[in-house]
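Please read the structure below before turning to the comments.
The values are calculated or read from the model by the stated rules, or taken from the named source; none is laboratory data. As the structure is a prediction and not an experimental result, all values here were calculated from the model. FYI the Cβ positions are ideal-geometry reconstructions off the backbone, even for glycines, and counts take in every protein chain you see. Keep in mind that these areas ignore ligands, DNA and RNA; they rest on the heavy atoms of the full protein, side chains included. Shrake-Rupley method; radii C 1.70, N 1.55, O 1.52, S 1.80 Å.
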Amino acid sequence: MSQHRAAYQMNLVKMALLLFVLAIHSQSANLLVIPIQGDTAHTEEIKTLGFLFQDALRVTYSDNVIEGSDTLRQCKSTECISRVAAEQKAEKIIAPAIYRLGEKWILSATLYDSKGKGIRTERITARIIEDLEPALGRLSDALL
């Protein structure tokens, strides 16, 4: 009889752990990605890079990645970032940018908390446009 009781208690513990894990995963944190800013001479490339960066973030970040609207491009103040985070129910916000410096592409992104406080800024360079896709993956990994 004690073996059955021990097995029953073990099954209860397993079920409790499973419910705990499921509860944690159901409370996913939202990551809002502000549209990528950059050199207006390369508008189409920048849009494509923005999509690629969001894809890289979805691989790195296990929770919800929310694409911000184009109007958020101008959101640079702490108050603006905090307001947008509250509207989108986002716990974290990423503001990416890409620029040319001579022959190099410079990718940078800042990770903010929901209050608009900068947590981390990372920067990566690439020599040619074909190197940007893997660079975006490295930037995503470095931020998160």
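Which whole-Hz couplings ³J(HN,Hα) result when phi for each residue of the stretch 89-98 is put into the Karplus expression 6.51 cos²θ - 1.76 cosθ + 1.60, θ = phi - 60°, listed in order with x for Gly and Pro?
6, 9, 8, 9, 10, 10, 10, x, 8, 9
Please give the net charge around Thr125, taking every other residue with its beta carbon less than 13 angstrom from that of Thr125, where Lys and Arg add +1 and Asp and Glu add -1.
Surrounding charge for Thr125 is +2.
Give the ranking of Thr60, Thr43 by solvent-accessible surface, highest area first, calculated with a 1.4 Å probe.
Thr43, Thr60
Quick one: net charge of Asn30's neighbours, Cβ under 14 Å, K/R +1, D/E -1?
-2
Given a cut-off of under 8 Å on Cα pairs at least six residues apart, what relative contact order in percent is computed for the stretch 43-144?
RCO, the stretch 43-144: 26 percent.
Amide H to amide H under 5 Å from Gln37: which residues, 5+ apart in sequence or cross-chain, H placed 1.01 Å off N in plane?
Under 5 Å from the amide H of Gln37: Ala97, Ile98.
With a 1.4 Å probe and all protein chains kept in place, how do Val59, Val84 rank by accessible area, largest first?
The most accessible residue leads, giving Val59, Val84.
How charged is the neighbourhood of Glu91? Take every other residue with its Cβ under 14 Å from the Cβ of Glu91, and add Lys/Arg as +1 and Asp/Glu as -1.
Net charge in that neighbourhood comes out at +1.
Mind ranking Lys117, Lys104 by accessible surface for me, highest first, 1.4 Å probe?
Accessible-area ranking of Lys117, Lys104, largest first: Lys117, Lys104.
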